[in-house]
Amino acid sequence: MARKHLLTSVSALPTQKPGAGNSAEARADYARRGASRSMMQSLDEMAENSMRVLEGETIVTLDPDLLDASAFVDRISDDEEEFSALVDAIRQAGQSSPILARPHPDEPDRYMIVYGHRRARAAKELGIKVRAVIKPLEDIAHVIAQGQENTARADLTFIEKALFAKKLSSSGMTKDTIKTALTIDDTLLSRMLSVAENVPEAILDAIGSAKGVGRDRWEEVKKLVLDPARAEWAIEFVASDPFQALAVEARFNALLAQLKKARKQKPRSNKPLERSWAFAEKAVSVSTKDAGKAFTLSLKSKDASGFGAFLSDQLEDLYQKFQRTETQRTGD
């Protein structure tokens, strides 16, 4: 929800009189950085909560045991140090910002978290109720609210957003819905899905959220593991004891460095890379086999024939779109 700063006039500091010394400047700077700023943040949150009530969003308290996680997972893992700090903050000052929940679509008297999973987890750990706004949302509204909240907070890494996009796509969400949820355009969505779909799951699980690693370096890894032999080697590498002993934040760089070394050795393999998945509630099952210079795609299930005919009719347009995407990528 867009928020207008309601207390701007209160937070404005008095104009300094001519001739005031450095000590006055120091006191003003402390006021901006210290207790005054904390007070203003708290007052601003109170104002936002008041606006929620005015807009019909009543804040209630819920037992955390009545809450289930979102069906659309957007985090690979949680930073335990940051979570511990959140628990301490709520223990000392209470939960200032409510979570957003919806009535559970399948279970009466239960709720599903839209966003605020860590606040709910912290409340459960502290043995207190969690403050929440409850809204009856459909799945599409749910994912848009969840995605935009985390995007606004700059809370998710590139690969977490990419995997979130992949999960939404596999759940049958349209590209327009995904783009709205993550506030991205067609090109970035295409790149996110390309990384999420081409980097093996074993590698993604071993690396984790990869804080500070952006699109370009993930795309570099993706290109390197498109070679079936190199992908197989990388999976073995991330499962090794030396790699597992690395700190989580060091794992991505270690893998990328080793992949670059492996690239110079030009590994080859006669073993095709095979993958399979299903989407739209298994209305279509897809299997692919990538042997380097040959790529085969197989469709099964009830919509396979119709979807296959549709793809055949669209192949020329799809190839042209592929060429445009490659041109944009190489032109960056």
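Here are some notes:
- For the peptides 249-260, 82-93, 115-126, the ranking by mean Cβ contacts within 10 Å, running from highest to lowest, is 115-126, 249-260, 82-93.
- Nearest-0.05 FRET efficiency for residue 274 and residue 307, computed from C-beta distance (R0 22 Å): 0.65
- Computed with every protein chain present, the accessible area of residue 305 is close to 100 Å² [probe 1.4 Å].
- With 19 Å as the limit on Cα-Cα distance, the pairs of 135/179; 223/293; 222/260; 175/321 that go past it are 135/179.
- Label sites at residue 236 and residue 68, each approximated as a point 7 angstrom past Cα along Cα to Cβ, lie 4.2 nm apart.
- On full extension, the segment bounded by residue 282 and residue 223 gains 18.4 nm, given 0.36 nm per residue less the C-alpha separation.
- Pairwise FRET efficiency - residue 325 versus residue 126, Cβ, R0 = 51 Å, nearest 0.05: 0.60
- Between residue 110 and residue 300, the modelled labels are 3.2 nm apart [label points 7 Å from Cα along Cα→Cβ].
The values are calculated or read from the model by the stated rules, or taken from the named source; none is laboratory data. All figures in this text were calculated on a predicted structure; none of them were measured in a lab. Positions of Cβ are generated from backbone atoms using ideal geometry, with glycine treated the same way; all protein chains shown enter the neighbour counts. Quick note on the areas: whole protein, heavy atoms, side chains included, nothing else; ligands and nucleic acids left out. Shrake-Rupley method; radii C 1.70, N 1.55, O 1.52, S 1.80 Å.
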